[in-house]
Structures are given as structure tokens and as C-alpha cells.
Amino acid sequence: MNRDLRIPGGDVAADRAAEQLQSKLPKVGTTIFTVMSTLASEKSAVNLGQGFPDFDCDPLLVDAVSDAMKSGLNQYPPMAGVPALRQAIAAKIEKLYGYSYDPATDITVTAGATQGLLTAIMCTVHAGDEVIVIEPAYDSYVPAIELAGGKPVLVQMTLGADGYAIPWDRIAAAVSPRTRMIMVNSPHNPTGSVLTPADIDALKDIVRGTGILILSDEVYEHMVFDGVRHESICRHPELAARAFVVSSFGKTYHVTGWKIGYVAAPPALSAEFRKVHQYNVFTVNTPVQHGIAQYMQNPAPYLELPAFYQHKRDLFRDGLKQTRFKLLPADGTYFLCVDYSAISSLSEADFAIWLTSEIGVAAIPVSAFYQSPRESGIVRFCFAKQNQTLQQALQRLAKI
């Protein structure tokens, strides 16, 4: 019997029912983000582990949502999302990336990007289908594939002097007749790497002439630094025609707790997506949708985001240069990975616990983003914090 499924205080009949249950995710426990955030709270550590800002969003955005509530926009919106918001999303994508989506058929508002990712997988992946996942990978990818009955096919990024890179020859070798989808993530969590034009060309070569779909996680699309452009899948019609593109207002507007995002896909894919979406969440918070639609009339908040986060990245990197950490490239996202091998021989998980408990700064072990044990002596910091928070963390890390 799976004793984890025994009903506490249950009777014999209930226990027998529990005996028949089989967990669909037997290997899944509490996420590393919850574990490290709980430990950070217990130890009064500076939490640079979980990826959320410790500063407020623009008051104008709060006002826009509040105005929507006060004006009575509090009932169910259309299943796919408020039309004004879908129109604003389509207009933004076309202006930034040159691809035209029909807001009526191609844009769906979701309860955060994670729900969008899960729904895209559930609507397309069938039992026995293979999905290529590039590791290290955000922790929801593999469980979502397994819930759909699919098989994750894992290909690990390489790590060299120039940081992490995707080995496209290995991706090509991993393709089989059962390959249903390839998942890509740029800017990439946790490594901070970004797709290059050469990466895009390699992906095109792999999927051309096949029925393979693409699921592109682009939640950090507005956090690309040093003048480099974000190579959205939307920029490339050949790829966009077979892709679900996922993004997040929570990341873009510093409101991760609002859990609102969107998925853009061509009509046939969107139609399948909405079949699952309507029975998954049905629809998403009405006043928040109206508020964001109003707020998006001004593009400055997302256009200014690269400079905003690059300043924080540079402040944090400059401070870390005074420590024994080896800094890895951070071309996008609000994460920075560091090699601690000159400091400790502890495993990544044990080092993250030690760093949180003894030094007072929480980080995430990069090994947590792999399905199989992988130890490189690397942890991930989040620099989406107030400057004073980053300075406090740097003061503590300087003691190492």
C-alpha cells in the first residue's frame, strides 16, 4: 500500500480505497523553492532563492485594477480572456516581433504561465508521445508531460567557458517518430542564457518537414541585456506556425502573485488549447484583465525593463566579483548562476542549505532543475530585489 495515500483517521473502507490509488507523480515532493524559502524565513536570511521581486509594482497598475473593480467589472469574462486585453497582447507582439496573431482566435489569457504550459501540453501530448526537454529546466515541465501520459526525453545543456549552451546535435539525435514536441525557454531559467540566431536556425532545421510542435516559454521576454534582442519564436513565422508561445504579466509587471499570463498560438493549436483551458480554469480574474489592458496602453513599463534589470544585475555582479564565487554569464532573466567550487566541496543542495543557515543568504541549487543527479557546484541567485536587499546580501556573502 502507498501509505502516503492512507486517509488519516479513515475507516477500513477508506483505507481499502486508498490502497487502490496510485500517485501519478510518485517522484514529486515539495518544490525546492518552497523548501528554501521556508528555510530562509526560519533563518532570517536574505531570500535570493525564489524568483519574485521584493518591491511593489507601479501604483498606476493597481489603480487600473481597482478602477475596474469599482466600476463593476467583477463577473465572468469571456473564456479566452477580455477582448481588450487580447487585442493589446496581439498588438504588442506584432509591434515587437512582427508576427500577426488574431486576438479573437489566437490569444488566450491564462492563470499564470505555468497553467499555460500545462494546458499546452495536456491538449497536444498523448500517451506514449515524446517531448524533448532541455535541462536544466523549470520544474513544472516534466510533471506536466507525465500527467499527460507523455515521455520526457531529456537533453542536457553543455557548460563551458562561455556558460551554458544547447547541444543541437544531441537534440537532433533525440528526435524519434514519437517526438510530439520540443520545449524551449528563452531567456532561460535557471541559467540566464538566451537563444541566439544560430540557435533558432538549428531549431528550424530540426523541425522542418516534421509535425513536431514547439512550446516556447518566454516569461522573461523583456529581460534581455547588453543590447541583445530577444529571439522570440514569434519573430520566425516558420516556427510560430507550429508553436505555443507563453508569457507572463506577473514577471513583466512585478506582480507574480496575480498569476496571470497568456498563450499565443495559431488558430488550430489555440482551438485545442481552449478545449482544455475551459475545463481547467475556464477563465481568469476579470478586473485584473481589464486593469492590465488599460495599463498596456503605455508600452514604457516593458520597454524600460531591460535597463531596469540590467542595472540590478550589474550591481550584484560587481559586488560578487569581490568574493570567491565564479560568475557565469547572465544574458537574460533576473537570475545569476555562480560556481562555488573554490569555496566548498559540498553538494549543491547542501551548499544552498549551508549558505542560507550560516551565511544568511538563500540560493537555489541548480541540480534541482535536473531529473537525474547532476552536480556542477553551481547555485542560482535572484536579483529581482531592491538595491538595499542586494547590498545586504553582498555584505553577508563577502564574509565567505
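We did not get these values from a lab; they are worked out from the coordinates using the rules stated. Because the structure is a prediction, the values reported are computed rather than measured. As a convention, Cβ positions derive from the backbone with ideal geometry for all residues, glycine included, and neighbour counts pool all protein chains shown.
Of all the Cα-Cα pairs you can form in the chain, what percent are over 40 Å apart?
Looking at the chain, the distances longer than 40 Å represent 17 percent of pairs.
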Check: If we sort 148-161, 131-144 on the protection proxy, mean other Cβ atoms within 10 Å, highest first, what's the order?
Finding: 131-144, 148-161
Margin query: Under the rule of at least 5 residues apart or a separate chain, name every residue whose amide H is placed under 5 Å from the amide H of VAL153.
Written below: VAL131, ILE132, VAL133
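Quickly rank 295-302, 72-79 as a protection proxy: mean count of other C-beta atoms within 10 Å, highest first.
295-302, 72-79
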Next item on the list: Please list the equivalent ellipsoid semi-axes of the stretch 59-298, computed as the square roots of five times the alpha-carbon gyration tensor eigenvalues, in descending order and whole angstrom.
Entry: 30, 20, 16
Next item on the list: Pop out the ³J(HN,Hα) list for the stretch 183-191 in order, Karplus 6.51 cos²θ - 1.76 cosθ + 1.60 with θ = phi - 60°, rounded to Hz; leave Gly and Pro as x.
Entry: 9, 10, 9, 8, x, 9, 9, x, 7
Note to self: List the pairs from LYS27/LYS385; LYS204/LYS321; LYS27/LYS321; LYS92/LYS385 whose alpha-carbon separation is above 29 Å, in the order I gave them.
What the structure shows: LYS27/LYS385; LYS204/LYS321; LYS27/LYS321
Note to self: For the pair ASP67/GLN297, report the inter-label distance in nm, with labels modelled 7 Å from Cα in the Cβ direction.
What the structure shows: 0.7 nm
Next item on the list: Would you give the gap between the C-alpha center of the stretch 338-394 and the C-alpha center of the stretch 202-219, rounded to a whole Å?
Entry: 32 Å
Check: Along the Cα-to-Cβ line of ALA91, 7 Å from the Cα, sits a label point; which residues in the stretch 252-271 have backbone N less than 20 Å from it?
Finding: 252-253, 261-265
Item checked: Leading residue at positive end of dipole, the stretch 59-298 (Cβ point charges), from SER100, ALA137, ALA174 -> SER100
Item checked: Residues listed by number, the stretch 335-378, amide nitrogen under 17 Å from GLN391 label point at 7 Å toward C-beta -> none
Check: Between THR38 and ASP54, how many nm apart are label points set 7 Å from Cα along the C-beta direction?
Finding: 2.1 nm
Margin query: Give me the dipole magnitude in Debye, nearest 20, for the chain about the Cα centre, with unit charges on the beta carbon: positive for Lys and Arg, negative for Asp and Glu.
Written below: 220 debye
Margin query: Residues of the stretch 372-391 with backbone nitrogen within less than 15 Å of a virtual label 7 Å along the Cα-to-Cβ line of GLN322, please, listed as ranges.
Written below: 388-391
Notebook entry, point to check: Got a sec to turn the phi values of the stretch 320-325 into Karplus ³J(HN,Hα) couplings, 6.51 cos²θ - 1.76 cosθ + 1.60 with θ = phi - 60°, whole Hz, x for Gly and Pro?
Noted result: 5, 5, 8, 10, 8, 6
Notebook entry, point to check: Cα-based Rg of the stretch 306-358 per 2.2 N^0.38 Å, rounded to two decimals?
Noted result: 1.25
Item checked: Peptides ranked, highest mean first, by Cβ atoms within 10 Å: ranges 219-230, 379-390, 34-45 -> 379-390, 219-230, 34-45
